[in-house]
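Read-outs: derived from the displayed coordinates by stated rules, not from any lab. Small disclaimer: the values here were computed from a predicted structure and weren't measured. Positions of Cβ are generated from backbone atoms using ideal geometry, with glycine treated the same way; all protein chains shown enter the neighbour counts.
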Amino acid sequence: MADTVISSGLIIDGNLKTEASIRIDGQVLGRVQSTAGVELGPASSVSADVQGQRVSVAGTVLGNVHATERVDLLSGARLTGDVRAPRLTIADGASFRGKVDMESGHE
Amino acid sequence: MNEERGRMSSVLGPTGLVLGNVQGQGDFEVRGRVQGDVVLSGRVLVAPGGLVLGTIEAQQITVSGTVRGDLIAEDGVEITGSGQVEGNVSSPRVAIEAGAKVRGHLRTGGEEAPAAVRGGKDLLAFAERAANAPEPDSLTAGLPAIPRDALSRDALPRRDAELIDSDEEVAPEPMRPFTAPPGGLRGGGLSGGGAAGRSVSEAAAPETRASGGKKRRRRRRGGDRGASIEGSGPETDASGTSAQHQDDARPEFLPPARPTRPSGPLPPTEGTQASPPAPARQGRDEPTPGRPTPGRPTPGRKAHGKKLPTFVKGARGHLRG
């Protein structure tokens with residue numbers, strides 16, 4: 001169970017930063033930063049960069065995704081931006097438009 | 001911890017920081033820090049250790065952490081013992097536990113402010129209504145209107161000034177004893193002769209209207225009876241104000257119209273009698289005013305000039321002994 005949960009219906013008009021896991025089912029009109037796992041649910045929407053240790057995207061992201069460990073784009077994900085992570089999976093049904101850089105995931 | 005989270009749909013963890021506003025539907029528990037406003041249609045809980053720097057507007061707000069900003073709730077606000085609030089609280093119900101630290105204005109009564117989620121139009125309409133609405137908890141409700149400039153805040157005792165400034169609903173204190181200024185007093189009002197005071201005095205002191213006329217017997221219902229009626233009585237102007245008005249706190253004019261002693265022979269009066277207004281007012285077949293009648297006590301009638309405690313109902317509604 002994530003430390004921070006933004007359920008659907010909640011809108012964060014600003015940046016969200018934490019040192020623990022995040023699960024987002026709502027909207028974030030700003031950056032999402034974590035040193036732990038970031039889970040973006042199917043109804044979620046992030047309008048800026050996402051940073052985390054492990055990032056799993058099932059919703060909409062309009063920004064870059066940086067992960068220190070891995071990035072997973074699940075079915076239903078819509079990512080418009082670059083991905084920087086040492087490991088990446090793109091599931092069937094995910095929509096992705098951007099660059100991929102797997103050389104150094106630490107950024 | 002999990003069951004706690006189950007009640008609140010959204011949680012901001014202890015290391016979480018939101019730099020911006022939070023809005024929308026649902027509940028929200030703040031265990032971290034929010035630097036911005038929180039406007040929700042559900043419940044907001046600021047857990048111990050949580051911090052919100054901004055206004056919280058929700059259906060129900062519970063504060064166990066720190067809030068530096070206003071709390072506006074449609075349902076109720078609860079501040080527990082570990083809560084600290086620095087801001088105004090506006091809610092129909094407020095519960096503050098012992099140990100809580102609260103600093104700000106509290107408002108429970110009056111129209112509730114619409115939640116911001118309903119839109120700016122409602123807020124404007126509410127502000128208009130609030131500006132035009134009459135004050136329900138006015139300290140002067142029921143009393144004759146007093147010209148505003150007569151009530152200078154500096155003139156009031158300190159506590160009264162606080163009451164006026166405060167938003168709390170408090171039971172109004174009884175008015176301070178009203179001492180008449182010498183030489184000019186008509187009915188109520190600190191500004192003697194003010195329009196409001198005039199209207200009150202006319203109702204309360206009917207006898208002065210009969211300027212120059214016969215003294216008719218009037219049922220005295222209190223009010224100003226200090227006008228000295230000598231002979232035809234003092235000249236009164238249109239407002240009923242008498243230029244020769246004498247303060248009815250003076251002992252010579254104290255005798256009431258109605259006898260307040262049981263019928264029976266009265267003890268002889270002592271000393272010289274000042275002009276007695278009482279017989280004139282009673283309209284009985286009395287000797288002309290100005291002539292004391294010490295040796296003729298009439299059953300049920302008081303001797304002139306004898307100083308008796310009378311209770312005059314002042315225009316402000318209190319009693320003056």
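Starting from the amide H of B:ASP70, placed 1.01 Å from N in the peptide plane, find each other amide H under 5 Å away whose residue is 5 or more places distant or on another chain.
Residues meeting the amide H criterion: B:THR55, B:ILE56, B:ASN88.
Share of Cα-Cα pairs in chain A beyond 20 Å, in percent? Spell out each step's value before the answer.
Values: 1444 of 5671 pairs.
Everything past 20 Å amounts to 25 percent.
Using the Karplus curve 6.51 cos²θ - 1.76 cosθ + 1.60 with θ = phi - 60°, what ³J(HN,Hα) values do you get for each residue of the range A:64-79, in whole Hz, with x for Gly and Pro?
So the Karplus estimates, Gly and Pro as x, are 7, 10, 10, 9, 8, 10, 7, 10, 10, 9, 8, 5, x, 6, 10, 10 Hz.
Multiply the residue gap between A:THR35 and A:SER75 by 0.36 nm, knock off their C-alpha separation, and tell me the result in nm, one decimal place.
On the way: separation 40, 0.36 × 40 = 14.40 nm, distance 2.43 nm.
Length gained between A:THR35 and A:SER75: 12.0 nm.
Once phi is turned into ³J(HN,Hα) by the Karplus curve 6.51 cos²θ - 1.76 cosθ + 1.60 with θ = phi - 60°, what whole-Hz value does each residue of the range B:14-31 show in order, with x for glycine and proline?
Whole-Hz 3J(HN,Hα) from phi for the range B:14-31: x, 9, x, 9, 10, 9, x, 8, 10, 8, x, 9, x, 9, 8, 10, 9, 9.
For A:ARG78, which sequence-distant residues (separation of 5 or more, or a different chain) have an amide H within less than 5 Å of its own amide H, given hydrogens modelled in the peptide plane?
So A:ARG78 has HN proximity to A:GLY59, A:THR60, A:VAL61, A:SER95.
Which is farthest toward the positive dipole end of chain A among A:SER21, A:GLY63, A:GLY52, measuring Cα position about the Cα centre, with Cβ charges +1 (Lys, Arg) and -1 (Asp, Glu)?
A:GLY63
Lys and Arg at +1, Asp and Glu at -1: add these up for the other residues within a Cβ distance under 9 Å of A:LYS99 and post the number. Numbers along the way, then the final one.
Values: positive: A:ARG84; negative: A:ASP82, A:ASP101.
Residues near A:LYS99 contribute -1 overall.
5 Å is the cut-off here: which amide hydrogens, built 1.01 Å from N in the peptide plane, fall below it relative to B:VAL22, excluding neighbours closer than 5 in sequence?
Long-range HN contacts for B:VAL22: A:ASP13, B:ASP37, B:VAL38, B:VAL39.
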